[in-house]
Amino acid sequence: MASERQLAANRNNAQKSTGPKTPEGRAAVRVNALKHGLAAKDLVIDPQTEKNAEFNHFLQSFLDRYRPHDPLETLLVNEVVAAAWRLRRLHRTETGFWKLRLTDLKEEIDSKYQEIGNRERLAFVLRDDSLGPNSLTILSRYEAKIERAFYRALHELLRVQTERMGYALLPPSLADVDFPSSENH
């Protein structure tokens, strides 16, 4: 933990920083902290891979499906869409990760293993990643976080809409889930 003296020095130094002055400088630093876009404030982050028109169509399909009745329902539809868009990005990122790592490791795989199949190549990439940066673990964490946000917003939207129609929507219960028996495995 920083001492009171260090905190005071940090605050003093922060006052001296004024950031970029020119529009070019501001544009250059705008995406400094953007690494993968899975937690980005803006939903459409890269015009090379995502188009505003595509997002607008995506949003409109949810608005058509859920037909929000008031600002709260509109907010919840937007939350569902934001999470769904990020999940879509995550799945594309994961595909890109596998392709990239297979390309990066091709020579190493070919030199160590003669005539192995695609499954083994994927296993090599997985093992290599688990020994180093653990990108797949990070992707998995983001996926779980985004899925929770998606289902939480969707459930709340359905609850609010059902309540508006005069019914009560009960939360899902484990008793309602049909688990396969262990005899089938």
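Miscellaneous remarks
- Two-site label geometry, HIS155 and THR49: point separation in nm, points 7 Å out along Cα→Cβ: 3.0
- Diffusion constant of the range 49-180 at 25 °C, which comes from Stokes-Einstein with the Kirkwood Cα-pair radius and 0.890 mPa s, µm²/s: 136
- Dmax and Rg, reported as Rg then Dmax, of the range 99-163 (C-alpha, Å): 19.2, 63
Since every read-out is calculated from the coordinates, none of them should be taken as a lab result. All values derive from a computational prediction rather than experimental measurement. No Cβ is skipped: glycine too gets one built from the backbone with ideal geometry, and neighbour counts run over all protein chains shown.
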